[in-house]
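A quick write-up on the structure given underneath.
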Amino acid sequence: MEQRTFFERDDAVPLAARLRPQTLDEFVGQTHLLGEGKVLRRLIENDCVSSMIFWGPPGVGKTTLARVIANRAKAAFIDFSAVTSGIKEIRGVMQEAESNRRYGEKTIVFVDEIHRFNKAQQDAFLPFVEKGSIILIGATTENPSFEINGALLSRCKVFVMQSLTTEDLITLLSRALSDPRGFGKQTVEISPDMLEMIANFANGDARTALSTLEMVVLNGDTDGDHVTVTMEALEQCVSKKTLLYDKKGEEHYNLISALHKSMRNSDPDAAVYWLARMLEAGEDPLYIARRVTRFASEDVGLADPRALELSVAAYQACHFIGMPECTVHLTQAVVYLSLAPKSNALDVAYNRAKKDALSQMAEPVPLALRNAPTKLMKDLKYGKGYQYAHDTAEKLTNMRCLPDSLEGREYYQPTSQGLEEKFKIRLAKIKEWKERH
């Protein structure tokens with residue numbers, strides 16, 4: 001256990017660290033796991049904890065809960081960082097754990113940001129987890145299905161931890177003001193509305209909430225042991241919210257999915273909100289513009305052909321102007337697409353054709369459709385039977401263009417949405433003419 005020196009001061013330790021819960025009763029949030037009678041609480045109280053993964057956003061108590069479990073289980077606790085450790089360090093820790101096991105002591109190895117370990121590093125834990133040398137508790141902000149090896153994941157129970165609610169954070173902040181480990185030895189004057197502002201600013205993150213409270217108290221008006229927090233100091237500390245966003249992680253895909261599905265559901269308000277969430281968190285506007293352009297053909301298509309034109313124009317505007325001015329161009333495209341009539345007939349048509357292209361025998365192109373630029377090709381009947389549509393009054397021919405095995409296949413089936421109704425009527429007339437001829 002690390003020893004403190006004579007010169008260390010409690011107030012030099014960050015507030016969030018000083019107030020770290022020591023027991024389940026002090027733990028705030030995650031009632032779906034730790035409420036009375038809930039599965040994880042029963043496992044902890046009955047000392048039946050096995051290897052597990054805590055998956056959730058930052059500041060929700062993943063590390064704290066691991067420490068609480070270790071205290072409750074009377075186990076050695078080894079805090080291990082995936083950022084700074086390699087296989088050599090893993091093996092050293094495992095040897096220590098194996099030594100503890102021989103003396104009848106449990107060892108809980110907590111690995112923060114376990115998703116940062118590569119396959120070889122994750123595999124190094126496997127034999128020790130299997131024979132019970134350690135209880136592995138991993139913490140990750142990324143989806144374990146994608147980031148944790150299947151072999152290791154199959155030996156761990158995954159518990160999903162949720163962002164703290166505003167009420168949870170207000171509870172934590174109030175405790176910090178009254179607890180002697182926090183500001184309980186002082187008199188801090190701060191209104192409930194200010195506490196709510198801090199809680200909302202923290203965006204579900206306890207560490208952010210406590211750090212912000214510490215900052216506003218330290219910048220308050222002091223008179224002896226009495227501190228008054230002013231609105232001016234608070235506003236300076238919460239002037240810019242840091243949105244949870246990892247441009248390469250799951251939240252990246254969650255948000256673009258929310259944008260797509262809001263537009264598909266013709267909800268411009270929700271679509272603009274998700275657009276703002278992404279842009280204000282630092283997403284590349286060109287990435288969003290590319291996804292919006294895809295949506296224009298995938299979900300609107302010929303129901304409104306102008307949707308693609310507008311989306312491409314929005315992409316060009318983002319390229320020319322950049323942030324923050326291009327936000328209005330993306331908003332225009334997103335709102336237009338939200339309100340446009342919807343058709344996925346083009347996407348469905350391609351996927352039907354793709355299925356046949358991949359599953360059917362790759363038949364040769366019909367001779368009538370082949371060019372014949374040389375005498376040899378003409379002698380081989382390339383181009384024989386080709387009918388030039390512009391030579392006819394109707395601009396139509398009865399020439400068959402699909403391979404024989406696919407004759408009669410219908411891939412594009414237009415809907416009656418928006419302008420696609422006109423394409424549907426036109427296609428029906430073409431098919432009728434070809435049947436008559």
Mean Cα-pair separation over length for the stretch 293-408, i.e. relative contact order, pairs under 8 Å, 6 or more apart, %: 22 percent
Shape box of the stretch 308-363 [Cα atoms, principal axes, largest first, Å]: 51, 25, 14
Full-extension gain in nm, Gln236 to Asp223, via 0.36 nm per residue minus C-alpha separation: 2.6 nm
Cα point-scatterer Debye curve for the chain, base-10 log of I(q)/I(0) at q = 0.07, 0.08, 0.09 Å⁻¹: -0.59, -0.71, -0.82
Calculated FRET efficiency for the pair Leu286/His437, C-beta based, R₀ 41 Å, to 0.05: 0.25
For q = 0.14, 0.19, 0.26, 0.28 Å⁻¹, Debye-computed log10 I/I(0) when each Cα of the stretch 161-234 counts as one equal scatterer: -0.39, -0.70, -1.24, -1.39
Listed peptides 386-395, 423-432 by packing density, highest first (mean Cβ within 10 Å): 423-432, 386-395
With Cα atoms, 0 to 90° folded angle of helix 87-102 axis to the chain main axis: 50 degrees
Calculated P(r) tail over 19 Å for the stretch 101-177, as whole % of Cα pairs: 48 percent
The stretch 354-392 versus the stretch 127-181: alpha-carbon centroid distance in Å: 62 Å
Nearest 10 degrees, 0 to 90: helix 192-202 Cα axis against the chain principal axis: 50 degrees
Approximate spin-label separation Glu421-Glu26, in nm, with each point projected 7 Å along Cα-to-Cβ: 6.8 nm
Exceeding the 27 Å Cα-Cα cut-off - candidates Lys38/Lys119; Lys119/Lys157; Lys88/Lys131: Lys38/Lys119
Highest to lowest packing among 27-40, 305-318, 131-144, scored as the average C-beta count within 10 Å: 131-144, 305-318, 27-40
Estimated D of the stretch 322-437 in µm² per second, where Rh is the Kirkwood radius over Cα pairs and Stokes-Einstein applies at 20 °C, 1.002 mPa s: 118 µm²/s
The chain - Cys residues lacking any other Cys C-beta under 4.7 Å: Cys48, Cys156, Cys237, Cys401
Ranked packing of 347-355, 294-302, most packed first, by mean Cβ within 10 Å: 294-302, 347-355
Angle in degrees between helix 306-321 and the longest Cα principal axis of the chain, rounded to the nearest 10: 50 degrees
The chain: relative contact order as a whole-number percent, Cα under 8 Å and 6+ apart: 11 percent
Cross-link reach list, lysines versus Lys429, counting only Cα pairs under 30 Å and skipping chain neighbours closer than eight places: Lys342, Lys354, Lys355, Lys384, Lys395
Carbon plus sulfur fraction of accessible area for the stretch 297-348, probe 1.4 Å, in percent: 63 percent
Cα Rg, Dmax (largest Cα-Cα span) when computed across the stretch 66-135, Å: 11.6, 32
Rounded FRET efficiency, nearest 0.05, which uses the C-beta distance separating Gln316 from Lys185 and R0 of 51 Å: 0.25
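The values are calculated or read from the model by the stated rules, or taken from the named source; none is laboratory data. The structure presented is a predicted model; accordingly, all values stated were derived computationally and were not measured. Quick reminder, even Gly has a Cβ in these numbers, built from the backbone with ideal geometry, and neighbours come from all protein chains shown. Heavy atoms of the whole protein, side chains included, go into the accessibility calculation; ligands, DNA and RNA do not. Shrake-Rupley method; radii C 1.70, N 1.55, O 1.52, S 1.80 Å.
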